[in-house]
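Structure first, then comments.
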Amino acid sequence: MRVVMNLQHKIVAVVGGATGIGKATAEICAAAGATVIVADFNEADGRATASAVGGAFFPINVADEASVAAAFADIGARYGRLDALIQTAGILRGAFVPLEEFDLATFKSVVDVNLIGSFLCAKHAVPLLKKAGKGVIVLVSSGAAIGGSSSYAYGASKGGVNALGITLANKLAADHIRVNVVMPGNIDTAMKRSVIAAERERLGPGGEQQQLELGEPAGVGRILAWLASDDADYVRGMIQTR
């Protein structure tokens, strides 16, 4: 039996949906029938993605609670509920910077977006998910959380996202909210390309990062969109992709 992903009648918020994996996810969710909300700090690309998928754009700074609260309040006022939150927003700074030279402000800025941002989005999305009677939260971590990173801050922040996802899953199960964490590998995004460029500047051509075969954002986007669907009801925990 072939199972076809169906997001008909689902309201799905893709945070970080302006570009990269988030954009691909928004496109796939819309193609599967969802009403798609694109929320992003990058307003120009976010509005373009929302327009392309027939959805709505909401500005958000995931590191600022007032901004996150306002965005989800506006989503609630417009739609009344939310069926799925897919949180893809993230940054990487400090690639290949030695530990003794790693600036605390840089470390905090990455944690603020990747970890605290995931926490804040979940916090303010949950009331809308509860209004739907059941819901899904999908957090995007990274293979760097378990395999190491070019950046101390990025690896630590994504490890925190994994732990946050486990805790959310345990705490929210009674509310019929399923939580999954997806750990992508080496995907062809602007962020990954910036790491490759940093290595080339540091080592010249031929470094390890420069030899990687990069996957397409849509490959991860299909997994994220599927996890937002009822077909994934039996999936638990963390998922690692290429």
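Which one is surrounded by the fewest Cβ atoms within 10 Å (Cβ to Cβ) among residues in region 67-86 that are within 21 Å of His176 (Cα to Cα) and either modelled with pLDDT under 95 or among the small types (Gly, Ala, Ser) (or both)? Write out each step before concluding.
Kept after step one, since they are within 21 Å of His176 (Cα to Cα), are these residues of region 67-86: 72, 75-76, 79-86.
This time we only want the ones that are either modelled with pLDDT under 95 or among the small types (Gly, Ala, Ser) (or both), so: 76, 80, 84.
Numbers: Gly76: 16, Gly80: 11, Ala84: 27.
Step by step, filter region 67-86, then rank; the result is Gly80.
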- (1) basic (Lys, Arg); (2) over 24 Å from Ala71 (Cβ atoms); (3) free of Cβ contacts under 8 Å to residues at least 40 places away in the same chain all hold for Arg202 apart from (3)
- Among the numbered conditions (1) over 21 Å from Gly20 (Cα atoms); (2) out of contact with any Phe, Trp or Tyr (no Cβ under 8 Å at 6 or more places or on another chain), tell me where Val113 comes up short. (1)
- Name the residues in region 166-186 that are more than 16 Å from Tyr234 (Cα to Cα) and in contact with a Leu (Cβ under 6 Å, 6 or more places away or on another chain), would you? Asn186
- Message: Any residue that is surrounded by fewer than 22 Cβ atoms within 10 Å (Cβ to Cβ), free of Cβ contacts under 8 Å to residues at least 60 places away in the same chain and not in a loop (DSSP other than H, G, I, E, B) - is there at least one of those in region 234-242?
- Response: yes
- Item | Of all residues making up region 152-161, the number that are small (Gly, Ala, Ser), buried (at least 24 other Cβ atoms within 10 Å of the Cβ) and over 15 Å from Val181 (Cβ atoms) | 1
- Task: For Gly143, work out the one condition from (1) out of contact with any helix residue (DSSP H, G or I) (no Cβ under 8 Å at 6 or more places or on another chain); (2) under 21 Å from Lys10 (Cα atoms) it doesn't fulfil.
- Result: (2)
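The values are calculated or read from the model by the stated rules, or taken from the named source; none is laboratory data. Since this is a predicted model, take the numbers as computed values, not measurements. Note that each Cβ is placed from the backbone with ideal geometry, even for glycine, and that neighbours are counted across all protein chains shown.
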